[in-house]
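Asker: Handing you a structure now.
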Amino acid sequence: MITPQVLNEWYPVAMASQIRAGQRRETQLLGIPVTVKMSDGAVAVHGESDSFPVMERFGHVWTCLGSPAHDLFAVPEADQPGRRLVDVGVVRVKCSPLRAVENFLDIAHFPFVHTDILGAEPHTEVNRYEVQIREGSDEVWATKVTFYQPQAAKSAEGGIVTQYMYRVPAPTVSVLYKTCPVMPDAWDVIGIFVQPLTEELCDVWPWMALFDDVTPEAELIAFQQMIFLQDRSILENQIPRLLPLDPGMEIPTQADLSSIAYRRWLKKRGLTYGAQMVAA
Amino acid sequence: MTTRWIATGLSHDLPNGAVMAGQWQATELAVWRSATGKLAAWKDRCPHRGMRLSHGFVRGETLSCIYHGWVYGTDGGCKHIPAHPALTPPAAICAEGFACVEANGVLWLAPVGMAEDPPRLVDLRPVRTLSLTCDLATILGVEPALGGSDIIRGSVRIGGQDEEICLLVQPRPNGITFHALCSARADVVQVSRWLEALRRSAEEKVAA
Ligand code: FES
Ligand SMILES: [Fe+2]
């Protein structure tokens, strides 16, 4: 359902480098056709008659169909020296944009969906982690998340216990921080920027800010895309397609604390595009 | 539509240790068989986060959901949650059951609590399942010797002999699926070819 709160959020609509290289992208946002292209030397986003505000950040073009309620979230690591910023590209998924974000927050599926890469039986236990809504920034955070991983990243050699932090800084965005295999004191940063085409269809733009100056970019992208295609086989087969915000339809456990917090946060803020409000 | 048994597949297409997607009217189901051959059918939706259980995998006497690996016994009850290995899942966590029985090599589905048995198909044996992109009327038009609505029957000429054919109809959104049986003495390979020819003629008629 489109609410004023939904309209007043920023959403990704393109990869900035592609538009800057002269590509034009005809796409959709919240069911409304929009075009992203260069116009008088700047990136522009317009609909059939209106033009919309534009922001270029984290390698992507962001826009808002209403009047932006706030600035786009910050990712300070994006400006940290030594990090490699990688735009992965786009993956189209026939699912609710909110289900795509919720899946990104989920670690319990690693052994079953990303078998022998991000997880493996019998290491299936999800230890208790902490979840909070950060005041001020009003973001959902999950911290002290740990999980055993056979191959945590392209740069990882052998299994390690990976530490994670997750944040949801906008309704269709999630950013995670995970143990960097080559620099154990630093965090690798991986985000997904989800463009809601409709309530049941989205374009997902993964993005990374890594300490890894060895692995070729094509390999980093291929690794991330492989992971995401595994997720897509799940996301396109969840019933119902819309994310149920009312309890009762699905059965969460302690491992789902981040999903519970995310759903409550969406509901309280009226961010219901891609959500199912009443048990069907 | 009334509550009745609907054929969802043939026994030989669901070996021990396998799971398949089934359908009863508009309800999508997961149908599976344990390692020792026990059958079960459930709504195709994991109670945890809604993943299709027909994408799951069978281990021994249990079916696991492919998303987070929740393990269900043949009675539908959740036996194990891998994220919390020490926890005994509450009895309330359970897949929504359907009745599934096997008769004459056919798998039949119905909501739980059906009083009658599935239709009895005497002297027939299973041949194969076929999906067609046309409707039932077109098929009956192509082969006037056949007649019926849920269960299509008739005697047709195959390989110089009159053979009894029985097609169990399973409606689909964009066509129809049949589970075909034939008289016990008929040559299954010939019947299978005859069915393919029937499909070709029916689909060509729609395209024309
Ligand atoms: S959805 Fe089936 S185990 Fe999570
Ligand atoms: Fe995943």
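Asker: Per the Kirkwood formula on distinct C-alpha pairs, the Rh of the range B:6-110 is how many angstrom? Present the calculation step by step, with values, prior to reporting the outcome.
Answerer: Numbers: mean 1/r = 0.0738 Å⁻¹.
Hydrodynamic radius (Kirkwood, Cα only) of the range B:6-110 equals 13.5 Å.
Asker: Enumerate by residue number the trypsin sites (Lys or Arg not before Pro) in the range B:43-99 meeting two conditions: DSSP loop (anything except H, G, I, E, B), and at most 11 other Cβ atoms within 10 Å of the site's Cβ.
Answerer: Here no trypsin sites (Lys or Arg not before Pro) fit, given the DSSP loop and packing criteria.
Asker: Sticking with this one: What's the tally of Lys pairs in the protein assembly as shown whose alpha-carbon atoms lie under 24 angstrom apart, where the two lysines are 8 or more places apart or on different chains? If you can, show how the numbers build up before the last one.
Answerer: On the way: A:K94/A:K267; A:K94/B:K43; A:K144/A:K154; A:K144/A:K178; A:K154/A:K178; B:K38/B:K79; B:K43/B:K79.
Lysine pairs satisfying the spacing and distance rule in the protein assembly as shown number 7.
Asker: Just how far, in whole angstrom, is the range A:102-172 from the range A:187-249 if you go by their alpha carbon centroids?
Answerer: Computed from Cα coordinates, the inter-centre distance equals 13 Å.
Asker: Now a separate question. Pairs of Cα atoms under 8 Å, at least six residues apart: use those to get the relative contact order of chain B, whole percent.
Answerer: Once normalised by length, the contact order is 17 percent.
Asker: For the range A:139-232, which GluC sites (Glu not before Pro) pass both filters: DSSP loop (anything but H, G, I, E, B) and at most 11 other C-beta atoms within 10 Å?
Answerer: A:E157
Asker: Follow-up. Where nothing but the Cβ of Lys and Arg (+1) and of Asp and Glu (-1) is charged, how large is the charge dipole of the range A:83-276 around its Cα centre, in debye to the nearest 20?
Answerer: 540
Asker: Tell me, how many Å apart are the Cα centres for the range B:121-173 and for the range B:34-99?
Answerer: Cα centroid of the range B:121-173 versus Cα centroid of the range B:34-99: 36 Å apart.
Asker: Given points 7 Å out from each Cα along the Cα-Cβ axis, report the A:A222 to A:D50 separation in nanometres with one decimal.
Answerer: Going from the A:A222 label point to the A:D50 one covers 4.4 nm.
Asker: Between B:S11 and B:S149, what is the spin-label point distance in nm, taking each point 7 Å from the Cα along the Cα→C-beta axis?
Answerer: Here the modelled spin labels are 2.9 nm apart.
Asker: I would also like to ask the following. Evaluate E = 1/(1 + (r/R0)^6) for B:R185 and B:K38, where r is the Cβ-Cβ distance and R0 equals 41 Å; express this FRET efficiency to the nearest 0.05.
Answerer: The value I calculate is 0.80.
Asker: By the 4.7 Å beta carbon criterion, which cysteine residues of chain B come out unpaired?
Answerer: B:C78, B:C94, B:C100, B:C134, B:C166, B:C182
Asker: Now a separate question. Could you tell me the relative contact order of chain A? Use alpha-carbon pairs under 8 Å, at least six residues apart, and round to a whole percent.
Answerer: 22
Asker: Hey, any idea what the orientation-averaged projected area of the convex hull of the range A:61-213's Cα atoms comes to, in nm²?
Answerer: Averaged projected area of the range A:61-213's Cα convex hull equals 9.8 nm².
Asker: Out of A:P247, B:S155, A:H123, whose Cα points farthest toward the positive end of the dipole of the protein assembly as shown (charges: +1 Lys, Arg; -1 Asp, Glu; placed on Cβ)?
Answerer: B:S155
Asker: For the range B:124-207, place one equal point scatterer on every Cα, skip the solvent, and apply the Debye formula. What is log10 of I(q)/I(0) at q = 0.13, 0.16, 0.25 Å⁻¹?
Answerer: -0.35, -0.53, -1.36
Asker: Return the loop-located GluC sites (Glu not before Pro) in the range A:21-70 (DSSP other than H, G, I, E, B) with at most 10 other Cβ atoms within 10 Å of their own Cβ; answer none if there are none.
Answerer: Those satisfying the criteria are A:E48.
Asker: About its Cα centre, what dipole magnitude does the range A:1-72 give when the only charges are +1 on Lys and Arg Cβ and -1 on Asp and Glu Cβ, stated in debye to the nearest 20? Spell out each step's value before the answer.
Answerer: Numbers: 5 positive and 7 negative charges, 51 e Å.
Approximately 240 debye in magnitude.
Asker: Now, a different point. Across bins of 5 angstrom width beginning at 0, how are the C-alpha pair distances of chain A distributed, in whole percent?
Answerer: Once binned at 5 Å, the Cα pair distances of chain A give 1, 5, 12, 17, 20, 18, 13, 8, 4, 1, 0, 0.
Asker: So, with +1 on the Cβ of K and R and -1 on the Cβ of D and E, and no other charges, what is the size of the charge dipole of the range A:220-280 about its Cα centre, to the nearest 20 debye?
Answerer: On the way: 7 positive and 5 negative charges, 61 e Å.
With Lys and Arg at +1 and Asp and Glu at -1, about 300 debye.
Asker: Continuing with this model, one more query. Subtracting the Cα-Cα distance from 0.36 nm times the residue separation, let me have the gained length for B:K205 to B:D123 in nm, one decimal.
Answerer: 26.3 nm
Asker: Please give the FRET efficiency for B:T74 paired with A:D71, using the beta carbon to beta carbon distance and R0 = 60 Å, rounded to the nearest 0.05.
Answerer: 0.65
Asker: Tilt of helix B:188-207 relative to the longest C-alpha principal axis of chain B, in degrees (0 to 90, nearest 10)?
Answerer: 80
Asker: B:S192 to A:E157: FRET efficiency via 1/(1 + (r/R0)^6), r the Cβ-Cβ distance, R0 51 Å, to the nearest 0.05?
Answerer: Once the sixth-power term is evaluated, E becomes 0.45.
Asker: Can you give the relative contact order of the range B:6-110 as a percent, counting alpha carbon pairs under 8 Å and 6+ residues apart?
Answerer: Relative contact order here is 26 percent.
Asker: According to the Cα gyration tensor, what semi-axes, each the square root of 5 times an eigenvalue, does the equivalent ellipsoid of the protein assembly as shown have, listed from largest to smallest in whole Å?
Answerer: 48, 28, 21
Asker: Shifting gears a bit: Rg to Rh for the range A:154-280: what is it, with Cα atoms only and Rh by Kirkwood?
Answerer: 1.00
Asker: Across chain B, how large is the tail of the calculated P(r) beyond 23 Å, expressed as a percent of all Cα pairs?
Answerer: For chain B, the share of Cα pairs beyond 23 Å comes to 50 percent.
Rule-based calculations on the coordinates, nothing more; no lab input. Since we're looking at a predicted model, the values are computed, not measured. Every residue, glycine as well, gets a Cβ built from its backbone with ideal geometry; the counts of neighbours run over all protein chains shown.
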